[in-house]
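> What follows is a single structure, and I will ask about it in a moment.
The values are calculated or read from the model by the stated rules, or taken from the named source; none is laboratory data. Note that the structure is predicted; figures quoted are calculated from it, not measured. All accessible areas refer to the heavy atoms of the entire protein, side chains included, with ligands and DNA or RNA removed. Shrake-Rupley method; radii C 1.70, N 1.55, O 1.52, S 1.80 Å.
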Amino acid sequence: MLEAEEVPEARKLLRLVLDLGGGVQRQVYAGIKAAYRPEALVGRLVVCVANLAPRTMKFGVSEGMVVAAGPGDTAVFLLAPDAGASPGQRVH
């Protein structure tokens with residue numbers, strides 16, 4: 001993850017900028033604000049669904065979705081690849 005910041009006007013959203021490899025970056029809005037501090041996410045590898053149509057939201061355009069598990073609120077857990085994975089690798 002290249003950037004992560006709070007969306008002040010949003011109760012649940014963080015704005016993330018993801019590196020998809022090959023110089024491709026995507027902006028994603030994720031409802032994980034209760035579970036993660038933005039500064040703890042920068043540099044972290046996450047699983048991203050990148051083949052979704054861009055979605056225009058009140059705060060900007062979301063160009064994908066990060067994958068997480070859990071019941072919600074503060075109990076949200078981002079899925080992450082094991083060591084050795086790199087940005088842009090396909091999920092099998």
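> Would you kindly find the accessible area of Asp19, with a 1.4 Å probe and non-protein molecules such as ligands, DNA and RNA excluded, rounding to the nearest 10 Å²?
60 Å²
> With a cut-off of 8 Å between alpha carbons and a minimum separation of six or more residues, what is the relative contact order of the chain in percent?
Relative contact order of the chain: 27 percent.
> Now a separate question. Over the chain, consider all pairs of different Cα atoms and compute the Kirkwood hydrodynamic radius from their mean reciprocal separation; express it in Å, one decimal.
Kirkwood hydrodynamic radius for the chain: 13.4 Å.
> Heads up, I need the accessible area for Leu18: 1.4 angstrom probe, whole protein in place, Å², nearest 10.
The value for Leu18 is about 10 Å².
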